[in-house]
Protein chains: 2
Amino acid sequence: MTDINNASVAASLPSMKIYDWYDGPYPARVRIALAEKGMLSQVEFIPVNLWTGEHKKPEFLAINYSGTLPVLALNDGTLIAECTAITQYLDVLDDNPVLTGVTPVEKGVIHMMTKRAEIEFLDAVSVYFHHATSGLGPEVELYQNAEWGEKMREKAIRGMHYFDGVLRSQPYVAGNTFSMADIAVTGGMIFSALVNLAVPDECKALKAWYSDIQRRPSYQQWQALVEAGRPVFNP
Amino acid sequence: MTDINNASVAASLPSMKIYDWYDGPYPARVRIALAEKGMLSQVEFIPVNLWTGEHKKPEFLAINYSGTLPVLALNDGTLIAECTAITQYLDVLDDNPVLTGVTPVEKGVIHMMTKRAEIEFLDAVSVYFHHATSGLGPEVELYQNAEWGEKMREKAIRGMHYFDGVLRSQPYVAGNTFSMADIAVTGGMIFSALVNLAVPDECKALKAWYSDIQRRPSYQQWQALVEAGRPVFNP
């Protein structure tokens, strides 16, 4: 996609707001999807501070009952939460789906692998973080189940091995094409790095795939956004 | 959709196999989706016995790494697990999406509400069942975390109240039209009944919506399939 095409498509798209936090692993999924679609400039990001638990306060729970980021807000008041749902919306918005598949089989397999990336890897890392580490701190983590968190850490490591196996036989998570499923596994890699959960050395295909992902313009635009969005603390 | 239309569409569709268990709440989601689409007759159901843990054995884990039902198997060897992914595939297979939305906003909102139905209700009931009750029995439930299971029971009850609130202001879970999201909440209602988790009396809108759902031909076809598929025990 050229910049000229992006510009003409962008002019016809609605303006959007996204509630998120600049370096959150789930928000990263939508920011990378936006970058892949050339839509980053369409979006105003509204910070919701995870570390002070803004996402669990009544004002935000009225926006998203589940108390999670990110949430896409359209001009007409429509709110879309959940990364997969937001990505699905964005991907068909410009009549040029490149992340969620074109044929029925592509759509099915991409949705399957995205969900699998969540339950076997990304969500497992998240539960480990919130339950078996200090997570977002005692004022946000009001209930923790450390044993469950440890189980999820083990599950996430098994998930890394699973996706390593997948990527030994095909270039991308859902087959021959980069998709929403690759972005979901990327979210898992980003979260793992944040919580110092190392990818086992033997997962060579997973590591090689991630090196390629990190060279994509979308990942680099996300990284630049993270740097730009980092709050400035005045000690 | 008339029977004549169904027949002509059916003739052009691929034959499919679905690994499932006749009265499982997740399998119910795909069976109801198939009934809504007039595609039930296209499918051969292959029983995978949950109560003997067939879904956790290596043969089945090779079909679905996550060890869950249902799984759709296409003639070309493609395997699609996860109810949302299977429904997404089925819904666009006949170029007549009626369950996953037509416009970008519909697709986004339906996927969001389907995921919300899972995390806030259906999946929570499932975790309660597998962790805080005897579940599928000691030979299948090799690890249980009863405290986590109880937390998920409380979450499911809160979820019932949430969806009751949604259904007080609109006829269906994702808006004005029956969708995949209604089927996901139906899965939660089916699972709740199996584990004797009562819907609170004050959830009148949820109960009224479910009465309507149970009068739909798709639900009644599912119920007939359950009866037909029930194994015959010879004591």
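Of the conditions (1) facing another protein chain (nearest Cβ under 9 Å); (2) β-branched (Val, Ile, Thr); (3) within 21 Å of the chain's Cα centre (by Cα), A:Val105 satisfies every one except a single condition; which number is it?
A:Val105 satisfies all of (1) facing another protein chain (nearest Cβ under 9 Å); (2) β-branched (Val, Ile, Thr); (3) within 21 Å of the chain's Cα centre (by Cα) except (3).
Please go through region A:63-93 and give me each residue that is among the charged types (D, E, K, R) and in contact (Cβ under 8 Å) with a residue 24 or more places away in the chain, ordered by number.
Scanning region A:63-93 gives a single hit, A:Asp91.
List pairs: first residue in region A:187-204 and more than 21 Å from A:Tyr22 (Cα to Cα), second residue surrounded by 16 or more Cβ atoms within 10 Å (Cβ to Cβ) and of a type in the set (Lys, Arg) anywhere in the structure, Cβ distance under 8 angstrom, at least six positions apart or on different chains.
Sorted first by the residue in region A:187-204, then by its partner, the pairs are A:Val199/A:Lys207.
Among what's in region B:71-84 and is within 18 Å of the chain's Cα centre (by Cα) and surrounded by fewer than 22 Cβ atoms within 10 Å (Cβ to Cβ), pick the residue that is farthest from the other protein chains (Cβ to nearest Cβ).
Within region B:71-84, the match that is farthest from the other protein chains (Cβ to nearest Cβ) is B:Ala73.
Taking B:Leu99 as meeting all but one of (1) more than 10 Å from every other protein chain (Cβ to nearest Cβ); (2) closer than 23 Å to B:Pro231 by Cα; (3) within 19 Å of the chain's Cα centre (by Cα), write down the number of the exception.
(2)
Can B:His131 be described as more than 27 Å from B:Asp201 (Cβ to Cβ), touching a helix residue (DSSP H, G or I) at 6+ places or on another chain (Cβ under 7 Å) and within 13 Å of chain A (Cβ to nearest Cβ)?
Against the criterion (more than 27 Å from B:Asp201 (Cβ to Cβ), touching a helix residue (DSSP H, G or I) at 6+ places or on another chain (Cβ under 7 Å) and within 13 Å of chain A (Cβ to nearest Cβ)), B:His131 does not qualify.
Just give me the residues in region A:6-43 being modelled with pLDDT under 95 and of a type in the set (D, E, K, R), in sequence order.
A:Asp23
Just a yes or no: is a residue in region B:192-210 among the β-branched types (Val, Ile, Thr) and under 30 Å from B:Asn96 (Cβ atoms)?
Looking through region B:192-210, none of the residues is among the β-branched types (Val, Ile, Thr) and under 30 Å from B:Asn96 (Cβ atoms).
For region B:41-58, does any single residue satisfy the condition of being of a type outside the set (Phe, Trp, Tyr) and at the interface with another protein chain (Cβ under 10 Å from one of its Cβ atoms)?
No, every residue in region B:41-58 fails to be of a type outside the set (Phe, Trp, Tyr) and at the interface with another protein chain (Cβ under 10 Å from one of its Cβ atoms).
Got a sec? Which helices (runs of 4 or more DSSP H) wholly within region A:118-235 have at least 3 residues that are within 20 Å of B:Val127 (Cβ to Cβ)?
Ranges flagged: A:123-132, A:146-169.
Residues that are touching a strand residue (DSSP E or B) at 6+ places or on another chain (Cβ under 8 Å) and among the aromatic types (Phe, Trp, Tyr): does region B:43-61 have at least one?
Yes: region B:43-61 contains one or more residues that are touching a strand residue (DSSP E or B) at 6+ places or on another chain (Cβ under 8 Å) and among the aromatic types (Phe, Trp, Tyr).
Among the candidates A:Gly108, A:Gly135, single out the residue that is surrounded by 22 or more Cβ atoms within 10 Å (Cβ to Cβ) and free of Cβ contacts under 8 Å to residues at least 60 places away in the same chain.
A:Gly108
The values are calculated or read from the model by the stated rules, or taken from the named source; none is laboratory data. No experiment lies behind these values; they were computed from the predicted model shown. Note: ideal-geometry Cβ built from the backbone for every residue, glycine included; neighbour counts use all protein chains shown.
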